[in-house]
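The values are calculated or read from the model by the stated rules, or taken from the named source; none is laboratory data. What you see is a predicted model; the values in this text were computed from it and never measured. Every residue, glycine among them, receives a Cβ derived from its backbone with ideal geometry; neighbour counts consider all protein chains shown.
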Amino acid sequence: MSEPNLFAMLSAYRPGSAATPFENYCTSGLAYFLRRGHRMLTALFAEAAGAYGEALALVEVQPEVAGAGFLDLMLTFEGGRTAIVETRIEPVASNEPLDALAGLSAGWDERPALVLLSLGTDDAPAAWRSIPWLEVAEGLDGDPDPLAQEFAQFVLRDILGLGEVRLEEAIMTNRLYALGGAAIRRMWGARARYENSASRPLQGRYRYIGTTFGIDDGPLEHWIGLVNEGVPLSEHYHLMLGSKALPVLNAAEMPRVTSDWKWPNWTGLGRVVRPIETGSYKQLLGRLLAPAG
């Protein structure tokens, strides 16, 4: 994809790839600044690729490579060095796809550098060089371009989950998902697995929207996020935590809108009337109790 226009890049998505639309959106935003020759970001990826001091000659989002399918991002530097960049915006259970790609690329005539762009908690396989998304935000820090500042804030808030989230942002953007993931990573680190979980929206409202997670590589049997106040759906939401397996402090009744879950353990902080903060998530996550015995 050679289109230099940011908005055209953000609208381009190849359904045959393994990336989610939002993951591709994040990758395309980064590619836009690399394609424009952003000095700090180019240097960041050049160092990871072993192409020190070189400028980029080609930036490709979701290129199709024989045997490998669609890659997230491929960078070619002026000296001829190529880097495959795998983009992650949430943890994954297995690095098998990375190992497979490393094995495949080892047979190429010109072996590429392998770079994992992730949340910073992933354990990259030995063949991969890791770059945290936070370093992307830091690379944009101080750039006078308003668009660069907006992308840096997007990385911090919509990918890394830093900062408070207003209710309307929670419903309309990725920020609540990012906040939930960040809170779970801070509480349990690499031991935790999670995924975004939301009901089908009805006229812009949800029965529930949040994060399902597991602890110590266990099953995804806990959930934290927003539940609607009632049925029919209203404009009011409560911040709650539910668990299928563990008891909780300050137990509350199961919300009516989640009655099909059959999860027995619920607790909450009441109706959301102010921006949601990391501290609120930490408070709820701290109410999970270890099993008896």
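Table for the structure above
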item: Of residues in region 237-263 being in contact with a Gly (Cβ under 9 Å, 6 or more places away or on another chain) and loosely packed, with under 14 Cβ neighbours inside 10 Å, the one modelled with the lowest pLDDT; result: Arg256
item: Any hit, region 126-147, residues being modelled with pLDDT under 95, in contact with a Gly (Cβ under 8 Å, 6 or more places away or on another chain) and of a type in the set (D, E, K, R); result: no
item: Residue tally, condition part of a loop (DSSP other than H, G, I, E, B) and touching a Lys or Arg at 6+ places or on another chain (Cβ under 6 Å), over region 251-265; result: 1
item: Total residues in region 95-114, condition surrounded by fewer than 16 Cβ atoms within 10 Å (Cβ to Cβ) and either among the aromatic types (Phe, Trp, Tyr) or in a helix (DSSP H, G or I) (or both); result: 7
item: From Leu176, Leu156, Leu134, Leu162, residue being farther than 24 Å from Trp223 by Cα and touching a residue at least 12 places away in the same chain (Cβ under 8 Å); result: Leu134
item: Enumeration of residues in region 264-285 that are touching a residue at least 12 places away in the same chain (Cβ under 8 Å), within 26 Å of the chain's Cα centre (by Cα) and surrounded by fewer than 18 Cβ atoms within 10 Å (Cβ to Cβ); result: Leu269, Pro275, Glu277, Thr278, Lys282, Gln283
item: Test result for Ser118, under 20 Å from the mean Cα position of the chain (by Cα), within 19 Å of Leu134 (Cβ to Cβ) and of a type in the set (Ser, Thr, Tyr); result: yes
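Matching residues to (1) closer than 18 Å to Arg287 by Cα; (2) over 14 Å from the mean Cα position of the chain (by Cα):
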{"residue": "Phe151", "(1), (2)": "no, yes"}
{"residue": "Asp158", "(1), (2)": "no, no"}
{"residue": "Gly161", "(1), (2)": "no, no"}
{"residue": "Met187", "(1), (2)": "yes, yes"}
{"residue": "Thr211", "(1), (2)": "yes, no"}
{"residue": "Ile224", "(1), (2)": "yes, yes"}
